[in-house]
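This report refers to the structure that appears directly beneath it.
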């Protein structure tokens, strides 16, 4: 996977002239005449210009330092599909004490008429604030008199007391942009780590000194003013099988690294991993919870009394925590309460559950650590320097006899050592109470495997009666167990399964190891279905792809921009053995083929045969990687196409005389 | 009699109703457990109509959740707004054996805004709570009281809200003053309510018990049409300080016209002049209306802002004129005002919109029916309907969003129930003609033309006006064939009174027909394979087919030279109460011609007929998968 995280070096040389914020309402005929074909003929709307700044400001009323974010944009609406750009939602963060504020909102629509431009100013009454929840409000407004070809313009100031939230600037959005400029004013005593994500490069940047931009405790402070410009930015379009859009969208991020107080003392904030390690292991909602062996001290002897070795001890504890504490559906790297209370209430977030697991494992004298990570939809983490806010999840790691197992007790249907798919996202950081932290690969410890075996008998009327046995492992088993659990009983599940396939009827059934998640899930169904219409018995065309026939190509597009992420490697085997009603000769059959993806990325094998009046068809479909590069997309497409081709063809049987 | 003392007690002290009940899950009768994820052990809903602007709504409920799937039934969700306040909430959670496990109160609830996805703003909030329990079964018991400052809209009583919930016992108590008039509609309850008079207070009680859970059944009628329910509508009402009275649709429509609509149609003089100028050259009203509709579609867009008199009053026409946007009420009111200038009469109509056809109940007028507004122009017998929230929809066309159902027209003379036009199976047409060439490698290229009309007019509406690359992507979802590519795409929309949309596409499909040995395998029905419907064993509900349609496909394949133009002729034709199907494959010269016609009828059929329906569709599906084998010349 291409690395798309680029550290920015600040150069203090300035060779280009930089524009300032543009004047509100200074629309021109050139704006109206802008030809979208120059940037993207598909664009429903285009950002013509966009300008933003963030700066520090001492709020005289409260005496507190706040961040001020000024935003101004001008957008051309090309067609009706682009009208939704005129409906704007700005999220406002808040907590019990503080709240962000939107000030100076200005919004207008410009339409061209015979005698110039007509400006329709938005009424301030048209702005609504929706109190969404305890932590978020949404400021919403919509612009008047939108037509195809309208220009809209709006600007506002957002004032935030949350100094950690130095505004991220998103160069890329769902519509293309002609020009986007962001100026960040940062006082000399503040130090931020700046990083650019995405596939596109800055068109320009510069850094200069802004004299006495701020007074702190009566002392004037200089700021560095950093300006970043990107031009002709394509729209961001999401694709199937991709992880978090934030991994790929072009944007510039700021993370506060350290602050020098007026006294000259330097206060470092998440500067090195050593600092982070110290902070986390001493945090009352992190390290302190990992250390709470005392909570489990009395429980461990009973829990592990039948466990002969360390591995079975760990498994017993893992099963206990899975059963005992229910996940409240919240992620988190910090516990919400203390794990003693969590165990009593039998409910908690991911951190509560996995810190309980770590503490319990430690109480049994096992070597347990924490691994912080970012879930797939949350994006990948910055590896150049620690950005603690990138992480949103924590799991346990237990090391036994030189092997380490990653454990997440929030999903009761997962086997020991397999993380949920949401955690399989590049790398996580192992946090140890005593040793320095380090990176670890987050990979699915088991392949997704499904094996199908159909043994049946073809009757004279064209029906096949037989038994399908399916064995699933890894995420295949996990997903099936989840589906089965949606029903009150296995009977109800099978009934639904049977009803969903009107051409196949299920007789007796058996589903094994639904709750024994360490074992493969086994389903055995007695089935009956029609293989041909029974009209001609001398020559029979039979399509032998009775199980999971592939007729649609999941990769049917002609181009791909971002990597294809399937989550885990997978493996599917299908064996069919059908006894025929009498002597037959196989005149034709689907070609026996063995095809592969480049660099052992995957393979498909099919082989059919006729032995002793039995028709056998064996197939293997393997994907050996979880992530395929955009260059490999067309190979995947062709690979599937070949399989589809093959599965369109039939076996032709002729009755032997 | 136990009930009597029970309701009397309720009237005096509402909370703590079942303080002495035993919530041991073992006490649940086994027939109630069948197919149930949750069981309402006991529920008492009490509506006390103290005054038109003071209604107390009290709920005491005990629900046993049998498993994780039943958890949603334990979720307590309470909406509130300026006219609705939550007075009190408290509750307890009991474990499997009925032992108290925790208590909760209002402070344990999450509080969020309750704005629907389609709205920019609404004046509604929600509080919700779900107990955190990880062993099943458990029982949640709660009491809450909501106070309404109005009595126009009183929630319907629906004791069984989902099919996976069984009900042990449930009752509905209505307390009113003697002499208060109200209408009641009860459905599928099988009992007369018990009435009790104490001084000037009348108590009416409905009771149900042992309602069993059932499995979901596909293609069944809307739940609202058969579920047990009691609806109440008081005659004299108060709403956001506006008073009124009604006992039928006529009066309710009149009240809406007088209080919500009248006087909101004033337009700026410039617009009045502009409209007069616009229609000057037209002689008949319909052509005038067409021009005005076109003006509306160019000027306005749909933005939903639900505020003011409970979200029932449209924004003034002058405001829409200034802003160029509005919600369905505002845009209909604006269109009506514009038509008014041209001297064309029209009615503001309340409708329950959605592809499912739901009528306003002709037998029971109430304010909580309908979710959308459309406009009706009588035009001296040539009744014409307008959907005012879309900038694309043809003049006079409603589509499947509001077709074939009763709507309430609010006129100065009062409300009238009117039925919107029906789109029949023979009108809802999709006609496709494809001329394709099959190459010797199995590739297919050619031209496909499809005409959509009736309720199918909007089938591919989402493609229209999209850029080519986006159309190519979307068409790959519609024509999901491996290796298909679209080289030329065009749409033509004929927005006449019977609108038609035509899609013309040039396609190529690499390796469409598979080659094996000296044969070529061809599936002639490339584009329209009917999916199977699932079976529904032990069916209890009728089979309901909401809307019929007709699909006609004609595909011709020019065959490659080295193929012997010979196939076993195939002809299928069958018919049932649910529709008809015919397909035919034949060779004409060097061409293979496939024709297919499928008609699905709408209607309601006895439960026992479901199996026949599934069989009918399965036969269609099998026929659609016809595969032909063509031999190469030797």
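Quick notes on this structure:
- Test: residue in the range B:263-278 that is within 20 Å of residue B:412 (Cα to Cα), out of contact with any helix residue (DSSP H, G or I) (no Cβ under 7 Å at 6 or more places or on another chain) and free of Cβ contacts under 8 Å to residues at least 24 places away in the same chain: yes
- Only a single criterion out of (1) crowded, with 19+ Cβ neighbours inside 10 Å; (2) touching a helix residue (DSSP H, G or I) at 6+ places or on another chain (Cβ under 6 Å) is not satisfied by residue B:379, namely (1).
- The range B:1-114 holds helices (runs of 4 or more DSSP H) entirely within its bounds, and those carrying 1 or more residues that are surrounded by fewer than 18 Cβ atoms within 10 Å (Cβ to Cβ) and at pLDDT 90 or above map to B:30-33.
- Unmet criterion (only one of (1) touching a residue at least 60 places away in the same chain (Cβ under 8 Å); (2) farther than 19 Å from residue B:529 by Cβ; (3) more than 14 Å from chain A (Cβ to nearest Cβ); (4) part of a strand (DSSP E or B)) for residue B:448: (2)
- Among the residues making up the range B:478-500, a single one is without any contact (Cβ under 8 Å) to a residue 40 or more places away in the chain, assigned to a loop (DSSP other than H, G, I, E, B) and within 32 Å of the chain's Cα centre (by Cα): B:480.
- Residue within the range B:296-319 that is surrounded by 19 or more Cβ atoms within 10 Å (Cβ to Cβ), away from chain A (no Cβ under 14 Å) and either under 29 Å from residue A:149 (Cβ atoms) or free of Cβ contacts under 8 Å to residues at least 24 places away in the same chain (or both) present: yes
- With respect to the conditions (1) within 31 Å of the chain's Cα centre (by Cα); (2) over 20 Å from residue B:68 (Cα atoms); (3) assigned to a helix (DSSP H, G or I), residue A:320 falls short on a single one, namely (2).
- Test: residue B:189 is in contact with a strand residue (DSSP E or B) (Cβ under 8 Å, 6 or more places away or on another chain) and either within 14 Å of chain A (Cβ to nearest Cβ) or part of a strand (DSSP E or B) (or both): no
- Within the range B:591-625, considering residues that are closer than 19 Å to residue A:650 by Cβ and within 11 Å of chain A (Cβ to nearest Cβ), the one surrounded by the most Cβ atoms within 10 Å (Cβ to Cβ): B:623
- Some residue of the range A:94-106 being in a strand (DSSP E or B), closer than 21 Å to residue A:174 by Cα and touching a residue at least 40 places away in the same chain (Cβ under 8 Å): no
- Meets criteria (touching a residue at least 60 places away in the same chain (Cβ under 8 Å) and more than 10 Å from chain A (Cβ to nearest Cβ)) for residue B:436: yes
- Selection of first residues in the range A:356-379 that are on the phi > 0 side of the Ramachandran plot and of second residues that are surrounded by fewer than 24 Cβ atoms within 10 Å (Cβ to Cβ) and part of a strand (DSSP E or B), restricted to Cβ pairs under 9 Å at least 6 apart or on distinct chains, gives the following pairs, ordered by first then second residue: A:379/A:197.
- Residue within the range B:471-482 that is more than 10 Å from chain A (Cβ to nearest Cβ), crowded, with 18+ Cβ neighbours inside 10 Å and under 18 Å from residue B:553 (Cβ atoms) present: yes
- Checked against the criteria, residue A:304 does not count as buried (at least 17 other Cβ atoms within 10 Å of the Cβ), in contact (Cβ under 8 Å) with a residue 24 or more places away in the chain and under 33 Å from the mean Cα position of the chain (by Cα).
- Which numbered condition residue A:461 misses (of (1) in a strand (DSSP E or B); (2) more than 14 Å from chain B (Cβ to nearest Cβ); (3) over 36 Å from the mean Cα position of the chain (by Cα); (4) within 28 Å of residue A:540 (Cα to Cα)): (1)
- Count of the range A:124-153 residues which are within 8 Å of chain B (Cβ to nearest Cβ) and outside any strand (DSSP E or B): 9
- Residues that are away from chain B (no Cβ under 14 Å), surrounded by fewer than 15 Cβ atoms within 10 Å (Cβ to Cβ) and in contact (Cβ under 8 Å) with a residue 40 or more places away in the chain within the range A:582-594 comprise A:582, A:583, A:585, listed in sequence order.
- Check on residue A:650, within 14 Å of another protein chain (Cβ to nearest Cβ) and either in contact (Cβ under 8 Å) with a residue 40 or more places away in the chain or buried (at least 18 other Cβ atoms within 10 Å of the Cβ) (or both): yes
- Scanning the range A:315-327 for residues that are crowded, with 19+ Cβ neighbours inside 10 Å, farther than 15 Å from residue A:398 by Cα and either away from every other protein chain (no Cβ under 11 Å) or out of contact with any helix residue (DSSP H, G or I) (no Cβ under 7 Å at 6 or more places or on another chain) (or both) yields A:320, A:322, A:326.
- The lone criterion from (1) crowded, with 18+ Cβ neighbours inside 10 Å; (2) not in a strand (DSSP E or B) left unmet by residue A:193 is number (2).
- Selection count, the range B:600-627, where residues are part of a helix (DSSP H, G or I) and within 23 Å of residue A:533 (Cβ to Cβ): 14
Residue by residue, here is whether (1) touching a residue at least 12 places away in the same chain (Cβ under 8 Å); (2) within 32 Å of the chain's Cα centre (by Cα); (3) assigned to a strand (DSSP E or B) holds:
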| position | (1), (2), (3) |
| --- | --- |
| B:561 | yes, no, no |
| B:565 | yes, no, no |
| B:575 | no, yes, yes |
| B:583 | yes, no, yes |
| B:598 | yes, yes, yes |
| B:629 | yes, no, yes |
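- Counting only helices (runs of 4 or more DSSP H) that fall entirely inside the range A:198-314 and contain at least 2 residues that are within 21 Å of residue A:163 (Cβ to Cβ), the qualifying elements are A:273-282.
- Condition broken by residue A:645, with the remaining ones in (1) outside any helix (DSSP H, G or I); (2) without any contact (Cβ under 8 Å) to a residue 12 or more places away in the chain satisfied: (1)
The values are calculated or read from the model by the stated rules, or taken from the named source; none is laboratory data. Computed from a prediction, not measured in an experiment: that's the story for all the values here. Cβ sites come from the backbone with ideal geometry, for glycine too, and all protein chains shown count toward neighbours.
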